[in-house]
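All of the numbers you see were taken from the coordinates with simple rules; none came from a lab. Just so we're clear, the structure is a prediction, and the values are computed from it rather than from any experiment. Positions of Cβ are backbone-derived with ideal geometry, glycine not excepted, and every protein chain shown enters the neighbour counts.
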Amino acid sequence: MAHEKENPVGEAYSFFHYAGQTEQIEIVLPDIRKGTSMPPDLTVRVNSIDNVNTRDDPALEKIVQRAKQAEMSHVLEATLPGIGNRGTAKVLGDLMIGLYYELYKQSEILSGDIAYKRGDKYVLKRD
């Protein structure tokens with residue numbers, strides 16, 4: 001168990017509304033990663049909001065339901081070894097800025113939330 005604390009694998013989720021197709025997000029992600037110097041061991045999966053695996057996690061299920069009610073359509077699920085959940089959420093926030101510039105018109109607003117687990121509940125990134 002001590003080994004896990006020394007090398008935590010951070011997890012974070014970015015829920016957002018995007019009117020286009022999931023495939024379009026997948027196409028631009030590699031360029032965003034290169035352009036923003038993302039950590040090479042960052043893993044990011046793109047999903048529609050309906051396909052999030054909550055892994056029998058009631059707290060995550062609650063966040064997903066809230067995102068659906070707010071009409072979010074997509075989620076980026078990120079993991080990053082050695083940095084923890086809050087740090088992973090920060091990196092994911094930087095990735096979302098790149099996503100905005102690649103996929104949205106300047107007049108559009110990117111509507112979304114980044115969530116990460118702290119203890120046994122999820123909190124929204126606010127920095």
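A few points about this structure:
- Looking only at residues in the stretch 14-67 that are of a type in the set (Lys, Arg) and under 18 Å from residue 78 (Cβ atoms), the one that is surrounded by the most Cβ atoms within 10 Å (Cβ to Cβ) is 33.
- Note on the stretch 25-45: residues that are among the polar types (S, T, N, Q) and under 16 Å from the mean Cα position of the chain (by Cα) amount to 2.
- Residues of the stretch 92-106 that turn out to be over 16 Å from residue 22 (Cβ atoms) and either in contact with a Phe, Trp or Tyr (Cβ under 7 Å, 6 or more places away or on another chain) or surrounded by fewer than 20 Cβ atoms within 10 Å (Cβ to Cβ) (or both), as a count: 8
- For residue 86, the test of being in contact with a Lys or Arg (Cβ under 8 Å, 6 or more places away or on another chain) and assigned to a helix (DSSP H, G or I) is passed.
- Counting only helices (runs of 4 or more DSSP H) that fall entirely inside the stretch 1-72 and contain at least 3 residues that are aliphatic (A, V, I, L, M), the qualifying elements are 22-35, 58-69.
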